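What follows is a short report on a single structure.
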Ligand code: PMP
């Protein structure tokens, strides 16, 4: 195995030497935007597949634009850097790729203007984030999801994740696997690193983009599977907290979390308290897509090894 390699300050460098100064603006104030991208290892095919790499790069560019961060690289160049870096690391297991565009100036003072911007990428081996087979128990968080009028929610801003981290820890300390965050209006927004959807009477329903969600890439895939493969109706609308409890099925979607069934919320069983059958079917399809076993979705994959 080669030593883990990262990309920092315009060059590939050993991860253990990839350091930034303690004075870095982004470290002090959370002034960066990032992505979480998965590479999925297929042992049978001896291949690593990155799922929807272009969509993630497109989203980080939008996040940067919203946050007045200037990307040093074009989308094409970023794709090249990431693909090169994944090849160099030579992992033969599931990985997580973390690019960050951030305010790199070593200076004290609050602002987004008149600062330098940098781009870095690192990779870590990454198994399951939540338990996709047994399903998860969720609790409604007392921390509300940040409002777009506070920090832009459709940008993946590093500093914003203090809010999500507080919610996740509260859930963990209360014995739950994951938190469900309500927006400032008290409607369902999302998990701390996942979008949420409910299934009710053959319709899959997920909050609208104005409910302060991150516009998730996995959710788009889940809705596509629901439409094309499961013949479900798709609805995007505001969801009330009490609707969750009486849904037929509840699921969470995210790059880290895949498609994960929610089996209880606030100690109320969803359905019979077992992973829902429709969610399980969606999940199977999703895994086959991201592992390169489904030819109809092969355009969404970047093959790493030749
Ligand atoms: N919401 C939040 C807050 C997230 O951090 C994530 C993970 N990026 C998601 C939703 C799911 O987004 P995606 O499916 O694009 O990973």
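The values are calculated or read from the model by the stated rules, or taken from the named source; none is laboratory data. Predicted model, so just to flag it, every value in this text is computed and none were measured. Neighbour counts are summed over all protein chains in view; Cβ atoms, including those assigned to glycine, are modelled from backbone coordinates with ideal geometry.
Which of the following residues is within 16 Å of the ligand (Cβ to nearest atom) and surrounded by fewer than 22 Cβ atoms within 10 Å (Cβ to Cβ): 224, 248? Let's see the steps before the verdict.
Working: 248 fails: within 16 Å of the ligand (Cβ to nearest atom).
The conditions single out 224.
Determine which single condition residue 270 fails, assuming it passes every other condition in (1) in contact (Cβ under 8 Å) with a residue 12 or more places away in the chain; (2) more than 16 Å from the ligand (Cβ to nearest atom); (3) under 25 Å from residue 57 (Cβ atoms).
Looking at each condition in turn, residue 270 falls short on (3).
Residues that are surrounded by 22 or more Cβ atoms within 10 Å (Cβ to Cβ), within 18 Å of residue 275 (Cβ to Cβ), in contact (Cβ under 8 Å) with a residue 12 or more places away in the chain and within 11 Å of the ligand (Cβ to nearest atom): does the range 155-177 have at least one?
Within the range 155-177 (the criterion being surrounded by 22 or more Cβ atoms within 10 Å (Cβ to Cβ), within 18 Å of residue 275 (Cβ to Cβ), in contact (Cβ under 8 Å) with a residue 12 or more places away in the chain and within 11 Å of the ligand (Cβ to nearest atom)), the answer is no, since none of the residues qualifies.
Check off (1) away from the ligand (no atom under 11 Å from the Cβ); (2) modelled with pLDDT of 95 or more for residue 127 and give me the number that stays unchecked.
The one condition residue 127 does not meet is (2).
Run residue 233 past the list (1) within 16 Å of the ligand (Cβ to nearest atom); (2) out of contact with any helix residue (DSSP H, G or I) (no Cβ under 8 Å at 6 or more places or on another chain) and report the number of the one that doesn't hold.
All conditions pass for residue 233, except number (1).
Can you find a residue in the range 285-297 that is outside any loop (DSSP other than H, G, I, E, B), closer than 24 Å to residue 96 by Cβ and modelled with pLDDT under 95?
Going residue by residue through the range 285-297, those that are outside any loop (DSSP other than H, G, I, E, B) are 285-290, 295-297.
From what's left, closer than 24 Å to residue 96 by Cβ: 285-290, 297.
Applying the additional criterion that residues be modelled with pLDDT under 95 yields 297.
Yes; the residues of the range 285-297 include at least one that is outside any loop (DSSP other than H, G, I, E, B), closer than 24 Å to residue 96 by Cβ and modelled with pLDDT under 95.
Only one of (1) free of Cβ contacts under 8 Å to residues at least 40 places away in the same chain; (2) under 15 Å from residue 119 (Cα atoms); (3) in contact with a helix residue (DSSP H, G or I) (Cβ under 9 Å, 6 or more places away or on another chain) fails for residue 22. Which number is that?
In the conditions (1) free of Cβ contacts under 8 Å to residues at least 40 places away in the same chain; (2) under 15 Å from residue 119 (Cα atoms); (3) in contact with a helix residue (DSSP H, G or I) (Cβ under 9 Å, 6 or more places away or on another chain), residue 22 misses (2) alone.
With respect to residue 213, determine if the residue is within 16 Å of the ligand (Cβ to nearest atom), at pLDDT 95 or above, closer than 18 Å to residue 133 by Cα and crowded, with 21+ Cβ neighbours inside 10 Å. Reasoning before the result, please.
Details: within 16 Å of the ligand (Cβ to nearest atom): yes; at pLDDT 95 or above: yes; closer than 18 Å to residue 133 by Cα: no; crowded, with 21+ Cβ neighbours inside 10 Å: yes.
Here the answer is no, as residue 213 does not meet what is asked.
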